[in-house]
Amino acid sequence: MVYSRGEVYPRATGRRHIDKRSAKSFIRINDRIRAREIRVIDENGEQLGVLPPFEALKIARERGLDLVEISPNAVPPVCRIQDYGKFLYEKDKSERAARKKQKVITIKEVKLSVTVDEHDYQTKKNQAIRFLHDGDKVKASLRFRGRQMAHRELGYQIINRLIQDVGDSGIVEFHPRMEGTTLHAILAPGKKVESAKKPEAPKPDPRKTASRPVETAESVPTPATQA
């Protein structure tokens, strides 16, 4: 059976047919359903009531479909009469769509040095804030070279200054720590950054404002004109 986009998915019709995908996701079908009683839903979404599995399976085979357990933890378990191959196809399709919607958080690195000048520092700071606003984590790293290892406090001062200057744009996930000759800290996007986008207030309808007459000093009657 061929469906949209030219994709083909199989039908599970044999009594001893065991689909590898069903074994992987623990989906019971047809004669693999072991419950004494099941609640049955047909292919149109209508309730057929609580039946023994063999009766429900007989109905499914008469309609050329499969009996699929969709809610094994319910009491009694819920099964649906449907095309098992189509069920797997739609399930995989929905899972792929859900994965596409997930936000992939990456870690962007900002490299500093003990001898960083003010202009370069400001550039790195703005870069870190931009990464955090984009929803990414930031790894601030500073590598000591040669005799700079004797003045590690200077590196801590620079990293701590960056954390302070970032402010509410980020929160410290890993405080500054040494790994070999490199000092690094990791910042995650702050809560205020995540909730920064608020819905705009509705704009007034220009037609309503234009239809209302504007009162001026000439249009307001005075006691003399009233007399």
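The values are calculated or read from the model by the stated rules, or taken from the named source; none is laboratory data. Computed from a prediction, not measured in an experiment: that's the story for all the values here. No Cβ is skipped: glycine too gets one built from the backbone with ideal geometry, and neighbour counts run over all protein chains shown.
Considering only segment 110-227, give the helices (runs of 4 or more DSSP H) lying wholly within it that have at least 3 residues that are modelled with pLDDT of 90 or more and not basic (K, R). Steps first, please.
On the way: elements: 118-133, 152-166, 191-194, 206-211, 223-226.
Fully inside segment 110-227 and qualifying: 118-133, 152-166.
Which members of segment 41-60 meet the condition of being part of a helix (DSSP H, G or I) and among the β-branched types (V, I, T)?
In the first step, residues of segment 41-60 are kept if they are part of a helix (DSSP H, G or I); the result is 53-60.
Hit for segment 41-60 is I59, nothing else.
Between residues in segment 97-112 that are within 13 Å of K139 (Cα to Cα) and residues that are among the charged types (D, E, K, R) and part of a loop (DSSP other than H, G, I, E, B), which pairs lie under 8 Å by C-beta distance while being six or more apart or on different chains?
Final answer for the pair search is I105/D136; T106/D136; I107/D136; K108/D136.
Which one of these is surrounded by 10 or more Cβ atoms within 10 Å (Cβ to Cβ), modelled with pLDDT under 85 and over 30 Å from K137 (Cβ atoms): S71, S22? Spell out how you get there, then give the answer.
On the way: S71 fails: modelled with pLDDT under 85.
Result: S22 is the single residue among S71, S22 that is surrounded by 10 or more Cβ atoms within 10 Å (Cβ to Cβ), modelled with pLDDT under 85 and over 30 Å from K137 (Cβ atoms).
Here is a check on your reading of the model: is A60 in contact (Cβ under 8 Å) with a residue 24 or more places away in the chain, buried (at least 17 other Cβ atoms within 10 Å of the Cβ), closer than 14 Å to I38 by Cα and among the small types (G, A, S)? Give the steps one after another, and end with the answer.
Values: in contact (Cβ under 8 Å) with a residue 24 or more places away in the chain: yes; buried (at least 17 other Cβ atoms within 10 Å of the Cβ): yes; closer than 14 Å to I38 by Cα: yes; among the small types (G, A, S): yes.
Yes.
Residues A97, A140: which one is aliphatic (A, V, I, L, M) and touching a helix residue (DSSP H, G or I) at 6+ places or on another chain (Cβ under 6 Å)?
Numbers: A97 fails: touching a helix residue (DSSP H, G or I) at 6+ places or on another chain (Cβ under 6 Å).
So the residue among A97, A140 that is aliphatic (A, V, I, L, M) and touching a helix residue (DSSP H, G or I) at 6+ places or on another chain (Cβ under 6 Å) is A140.
Report, by residue number, each residue of segment 134-180 that is at positive phi and in contact (Cβ under 8 Å) with a residue 40 or more places away in the chain. Can you show your working first?
Of segment 134-180, the ones at positive phi are 135, 146, 167, 180.
Selection gives G135 alone.
Say whether the condition of being at pLDDT below 90, acidic (D, E) and within 20 Å of E90 (Cβ to Cβ) is met by at least one residue in segment 28-43.
Taking every residue of segment 28-43 in turn, at least one turns out to be at pLDDT below 90, acidic (D, E) and within 20 Å of E90 (Cβ to Cβ).
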